[in-house]
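To keep things clear, I will list the structure first and then write my remarks on it.
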């Protein structure tokens, strides 16, 4: 979907397709994904794995495009870095998004490069007004270049960045509203941060501009020496599913994705998690329909 310059994101969201429940396309489970395609509505790809590549990666992407709607979730945009935006990366990314006809694309509210050297990790930003202004300008630049709806994702982190002046939800809210972009809400990241840093995940969610949430990530995590690590390598736990339910009862989204990046179980377990996410989605839709019916009845 091409983004019209100047069109408010809230209006853009209304035009985005509802994709349903999806899964990340990973090489280790690609054959199982194609085998069980009827249980998966769409796929998310990491664009860095497919930009300017050939061979098996290119073949896998073409098979995926033929069978599923595709959305891109990047790792190397480094929107918060002090480095200049990587123009070659943006050109390659735009070509890929055009090829897969992505309805939207996303990356992380973080930085992953210093002095033009990629660090292969996602680092949090200082929660300051200076950082907000810096990120907003860069988001506006990439939106003009890519010309497709853009979402920023809340990341997991394990300490408060020194010099921070705001809480994270206020920081995120001001960025997405000033830049007029969308939000990819990772409910596992909310749970991980809330547990490690001792805040209420529900109050955090309530303080976000939920009307800007287009996509949700759901994932599992591990526990190491009493700290929760966002590993994407375990089953999703019930409190994370409850956060998903909480969000879906408060806003409409266009896609929900199960992230599994390592320690892959038998694929039947992944299918069961997808089924559980789908059931939660249907429950919340039913709940909204019931509430609407009650409101209509009361109005008469």
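The values are calculated or read from the model by the stated rules, or taken from the named source; none is laboratory data. In this text, all values refer to a predicted model and were calculated from it rather than measured experimentally. In this analysis, Cβ positions are derived from the backbone assuming ideal geometry, glycine residues included, and neighbour counts consider all displayed protein chains.
Summary table
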quantity	calculated
Residue check for residue 185: in contact (Cβ under 8 Å) with a residue 24 or more places away in the chain, in contact with a strand residue (DSSP E or B) (Cβ under 9 Å, 6 or more places away or on another chain), within 25 Å of residue 236 (Cβ to Cβ) and not in a helix (DSSP H, G or I)	yes
Residue count for the range 62-82, restricted to those that are over 21 Å from the mean Cα position of the chain (by Cα) and at pLDDT below 95	1
Those residues of the range 2-34 which are over 22 Å from residue 74 (Cα atoms), surrounded by fewer than 11 Cβ atoms within 10 Å (Cβ to Cβ) and touching a residue at least 12 places away in the same chain (Cβ under 8 Å), in sequence order	5, 8
Odd one out for residue 47 among (1) touching a strand residue (DSSP E or B) at 6+ places or on another chain (Cβ under 6 Å); (2) farther than 21 Å from residue 16 by Cβ; (3) crowded, with 21+ Cβ neighbours inside 10 Å	(2)
Answer residue from the range 137-167, given it is closer than 16 Å to residue 187 by Cα and modelled with pLDDT of 95 or more and is nearest to the chain's Cα centre (by Cα) among those	153
Residue satisfying condition, being modelled with pLDDT of 95 or more and either assigned to a strand (DSSP E or B) or in contact with a helix residue (DSSP H, G or I) (Cβ under 7 Å, 6 or more places away or on another chain) (or both), within set 203, 178	178
Single residue of the range 225-236 satisfying the filter (free of Cβ contacts under 8 Å to residues at least 40 places away in the same chain and out of contact with any strand residue (DSSP E or B) (no Cβ under 9 Å at 6 or more places or on another chain)) that is surrounded by the most Cβ atoms within 10 Å (Cβ to Cβ)	235
